[in-house]
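Input: a single structure, listed below in structure tokens.
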Amino acid sequence: MDIFIDANAVLDTAKRVSEIPAKIALSQRRALGTLRRRWPVIARRDIQTEYALSAQRIRAGISVRTTREGVELIGVARGVGLMNFSARRVTEGLTYSARRGTRGLRRSGFKTRYRGTPIAYERTPISGDKRVPRTPIRRLYGPSLAQMLRKGDRPERMGQAGLDVITAEIDRLLLRSLRR
């Protein structure tokens, strides 16, 4: 009776087992890349549920960067111009809608164009509400994207959403690579 042992199958299995750590590391790097791509979209959608701001303006003020500790979602700290919150001139002053469903009023507000771009301003009265010639003016801003990202429980929701993206992506990549 002849017994044959196929050592190629054992070597192939050992080789596949030794490749698993490299596949895990590659899956983690790719999952972080997916998170960098998807996280701003998740944050934009979450911000738009509360604030009346266009997707283009939110995208311009949100970025993702990789640090030594991990991945960070960053919002620009400079205030968003009030004109981005659909400011309109009315007889009482200037109305705007920073939060969805509500409109605010600036009694001494007005809008004008600077190099073709509409900008909202406010007269700062020197003495009381009486308008004086050559009254100083200041530009009007709404909340910044950094403030929008910090508001309420949004940081926890964004962290959980990021964790969900990474977990799902690593699972998907590992299952795909281990099937091969």
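Which values, in whole Å and largest first, are the semi-axes of the equivalent ellipsoid of the range 81-142 obtained as the square root of 5 times each eigenvalue of the Cα gyration tensor?
Three semi-axes, in Å: 20, 15, 9.
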Exercise. Mind giving me the nanometre distance, one decimal, between the label points for ALA22 and ALA55, set 7 Å out from Cα along Cα→Cβ?
Key: 4.0 nm
Exercise. Report, ordered by chain and residue number, the aspartates and glutamates lying within cross-link reach of LYS15, taken as a straight Cα distance under 20 Å and ignoring same-chain residues fewer than 8 apart.
Key: ASP6
Quiz prompt | Accessible surface, the range 49-163, averaged per residue in Å² (probe 1.4 Å) | solution = 65 Å²
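The values are calculated or read from the model by the stated rules, or taken from the named source; none is laboratory data. Predicted, not measured: the structure shown is a model, and the values here were computed from it. Neighbour counts are summed over all protein chains in view; Cβ atoms, including those assigned to glycine, are modelled from backbone coordinates with ideal geometry. Please note that ligands, DNA and RNA were not included when accessible areas were found on the heavy atoms of the full protein model with its side chains. Shrake-Rupley method; radii C 1.70, N 1.55, O 1.52, S 1.80 Å.
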